[in-house]
Amino acid sequence: MTISIRDLIRWLWRSSRGLRLQALLNALIGILSVTLDFAFIYATKWTIDIATNKAAGSLRVAAYALVAIMVSKIMLGFARKWVSALLGVRSLNILQQRLFSHLLKSEWNGQEDRHSGDTLNRIEQDVRDLTSCITETFPALLEVSYRFVGAFLYLFHMDGRLACLIICIMPCFLILSKVYVRKMRTITRDIRSTESKVQSILQESIQHRAILKTLERTGTMIEKLEQTQTTLRKHVRHRAVFSSSSSTLLSIGFGTGYLVTFLWGVNSLQAGTITYGMMISFIQLVGQIQGPFRDMTRFIPVLISTLTASERLLELEEMPLEDDSDPVAFKEGAGVRLVDVSFKYKENGRPILSHFSCDFPKGSITAILGETGAGKTTLIRLILALLKPFSKEYSIQTN
């Protein structure tokens, strides 16, 4: 299942109900933190220029300003941890309960397309990934975007040519990230699918341990688990090699940017066009500009994992809900009459019941006999309204 970015954004917005408060608080804390970083750069430059007699002012006041900024940063970090501690579990529970409720209220067809272990993996791991992305990753993306734009404008104000030179790394990064996203999305999907298979094998084996021992199939299940785990390790190793190679290329680009900035600053300092404080600011601002690009190498796997989790959770949400009409209570017993009922589990599957009619009077005892696969269990499920006939006309006797 592949979804468009627009549909993904709409679904994420709907899914973020109850999670938006934590996301908003994290975004505000992040923006304030970046603002304090810029203030620290300015205060550092001012302090150095005062010490080298390149700017007027009190060195003591500058030192107080640096201390105040550092204390404010520490307090913001403390606030971020409290937001995560107080609202993090609540956000996870909200999304988990919402999907759990939908799953229990969805139609039951008797032949589920996925193993219960896979469903549990989606409700636990995929919901956890999605919650983390909404409440942590998206605010962090807003923070790094603000950091990048602010640092570029700050550096451009100080030296426009250097700012434009540093920003030239962006086209190369965009090309690399496009290839990286496409490849990582495929690898992540394979990893998540294999993880679900591992959980399914474990759950099924533990649940039916007595049967496996009776049939002497424990060795088979152990071998099956080992093969699946080997496949999982191969996918994880593939992801690690690809991610490491991409990170190495980006590190080379970032290192080149720092070297260019340092040599540019040394040359300008020798020419007397900048002060020592400005050179320090250059190096700090280049870090602020390149930092978001470096963060993207960390965010991209998270976003890809979220995209994969969203696709898997959307599959659960697309399960049709049962007709939750008001229940009918009978003071006395009731009989059931089925008239011309037909049923098959899949649209193109074999008919289980074909034009079946039967009357079960109130208070009667009826024995349902037949060979395996004849439809005995299906009939009980139809009477219990767990399944819906393809063509139906049945009534409930109350007399």
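The values are calculated or read from the model by the stated rules, or taken from the named source; none is laboratory data. Everything numeric here is computed off the predicted structure, so don't read it as measured data. FYI the Cβ positions are ideal-geometry reconstructions off the backbone, even for glycines, and counts take in every protein chain you see.
Taking into account only those residues within the stretch 346-389 that are outside any loop (DSSP other than H, G, I, E, B) and in contact with an Asp or Glu (Cβ under 8 Å, 6 or more places away or on another chain), which is surrounded by the fewest Cβ atoms within 10 Å (Cβ to Cβ)? Show your work before the answer.
The first filter runs over the stretch 346-389 and keeps only residues outside any loop (DSSP other than H, G, I, E, B), leaving 353-360, 376-383.
So of that shortlist, the ones also in contact with an Asp or Glu (Cβ under 8 Å, 6 or more places away or on another chain) come out as 355-357.
Values: H355: 10, F356: 19, S357: 12.
Residue satisfying both the conditions and the ranking: H355.
Are any residues in the stretch 53-79 charged (D, E, K, R) and part of a helix (DSSP H, G or I), and if so, which ones? If you could, list the steps in order and put the result at the bottom.
From the stretch 53-79, those charged (D, E, K, R) are 54, 60, 73; that's our starting set.
Listed by number, the residues that qualify are R60, K73.
Are any residues in the stretch 340-392 of a type in the set (D, E, K, R) and touching a residue at least 40 places away in the same chain (Cβ under 8 Å), and if so, which ones?
Start the filter on the stretch 340-392 by keeping residues that are of a type in the set (D, E, K, R), which leaves 340, 344, 346-347, 350, 359, 362, 371, 376, 381, 388, 392.
Result: D340, K344, K346, R381, K388, K392.
Return yes when W13 is among the hydrophobic types (A, V, I, L, M, F, W, C), over 30 Å from E311 (Cβ atoms) and modelled with pLDDT under 90 and no when it is not.
Numbers: among the hydrophobic types (A, V, I, L, M, F, W, C): yes; over 30 Å from E311 (Cβ atoms): no; modelled with pLDDT under 90: yes.
No: the conditions fail for W13.
Quick one: would you say T366 is under 45 Å from the mean Cα position of the chain (by Cα) and at pLDDT 80 or above?
Values: under 45 Å from the mean Cα position of the chain (by Cα): no; at pLDDT 80 or above: yes.
In short, no.
Determine which member of the set S281, S305 is touching a Cys at 6+ places or on another chain (Cβ under 9 Å) and either at pLDDT 75 or above or in a helix (DSSP H, G or I) (or both).
Result of the check over S281, S305: S305.
The conditions are (1) within 30 Å of S305 (Cα to Cα); (2) modelled with pLDDT of 80 or more; (3) basic (K, R), and R192 fails exactly one of them. Which is it?
Unmet condition: (2).
When only residues in the stretch 255-274 that are without any contact (Cβ under 8 Å) to a residue 40 or more places away in the chain and of a type in the set (A, V, I, L, M) count, which is farthest from G287 (Cα to Cα)?
If we take residues in the stretch 255-274 being without any contact (Cβ under 8 Å) to a residue 40 or more places away in the chain and of a type in the set (A, V, I, L, M), then A271 is farthest from G287 (Cα to Cα).
For the stretch 170-177, indicate whether the set of residues that are at pLDDT below 80, closer than 30 Å to F38 by Cβ and within 20 Å of the chain's Cα centre (by Cα) is non-empty. Break it down stepwise before answering.
Narrowing the stretch 170-177 to residues at pLDDT below 80: 170-177.
After this cut, where a residue has to be closer than 30 Å to F38 by Cβ as well, the list is 170-177.
Keeping just the survivors that are within 20 Å of the chain's Cα centre (by Cα) gives 177.
Yes, there is a match, as at least one residue in the stretch 170-177 is at pLDDT below 80, closer than 30 Å to F38 by Cβ and within 20 Å of the chain's Cα centre (by Cα).
Starting from the stretch 42-54, take each residue that is in the same structural domain as L285 (by TED's automatic domain parsing) and list its partners that are assigned to a loop (DSSP other than H, G, I, E, B), counting only C-beta distances under 7 angstrom and pairs at least six apart or across chains.
W46/A55; W46/G57; D49/A55; D49/T275; I50/G57; T52/T275; K54/T275
Considering only residues that are of a type in the set (A, V, I, L, M, F, W, C) and in contact with a Ser or Thr (Cβ under 6 Å, 6 or more places away or on another chain), which ones fall in the stretch 205-241? Even if it seems obvious, please write down each step before you answer.
Looking only at the stretch 205-241, we keep the residues that are of a type in the set (A, V, I, L, M, F, W, C), and these are 206, 210-212, 215, 221-222, 225, 232, 236, 240-241.
Once the filter is applied, which keeps residues that are of a type in the set (A, V, I, L, M, F, W, C) and in contact with a Ser or Thr (Cβ under 6 Å, 6 or more places away or on another chain), the stretch 205-241 yields L212, M221, L232.
How about the stretch 266-275: which of its residues are farther than 23 Å from A56 by Cβ and either surrounded by 11 or more Cβ atoms within 10 Å (Cβ to Cβ) or among the small types (G, A, S) (or both)? Break it down into steps so the answer makes sense when it comes.
Residues of the stretch 266-275 farther than 23 Å from A56 by Cβ: 266-267, 270-271.
Passing the criteria: V266, N267, A271.
Is it the case, given these coordinates, that S84 is assigned by TED's automatic domain parsing to the domain that holds K45, surrounded by 15 or more Cβ atoms within 10 Å (Cβ to Cβ) and either among the hydrophobic types (A, V, I, L, M, F, W, C) or over 17 Å from the mean Cα position of the chain (by Cα) (or both)?
Values: assigned by TED's automatic domain parsing to the domain that holds K45: yes; surrounded by 15 or more Cβ atoms within 10 Å (Cβ to Cβ): yes; either among the hydrophobic types (A, V, I, L, M, F, W, C) or over 17 Å from the mean Cα position of the chain (by Cα) (or both): no.
Considered against the rule, which asks whether it is assigned by TED's automatic domain parsing to the domain that holds K45, surrounded by 15 or more Cβ atoms within 10 Å (Cβ to Cβ) and either among the hydrophobic types (A, V, I, L, M, F, W, C) or over 17 Å from the mean Cα position of the chain (by Cα) (or both), S84 comes out as no.
Take A65 and decide whether it is buried (at least 16 other Cβ atoms within 10 Å of the Cβ) and among the small types (G, A, S). I'd like the intermediate steps shown before the answer.
Details: buried (at least 16 other Cβ atoms within 10 Å of the Cβ): yes; among the small types (G, A, S): yes.
Taking the combined requirement at face value, the residue satisfies it.
Could you please let me know if G57 is surrounded by fewer than 13 Cβ atoms within 10 Å (Cβ to Cβ), assigned by TED's automatic domain parsing to the domain that holds S145, touching a helix residue (DSSP H, G or I) at 6+ places or on another chain (Cβ under 7 Å) and modelled with pLDDT of 80 or more?
Values: surrounded by fewer than 13 Cβ atoms within 10 Å (Cβ to Cβ): yes; assigned by TED's automatic domain parsing to the domain that holds S145: yes; touching a helix residue (DSSP H, G or I) at 6+ places or on another chain (Cβ under 7 Å): yes; modelled with pLDDT of 80 or more: yes.
The answer is yes for G57.
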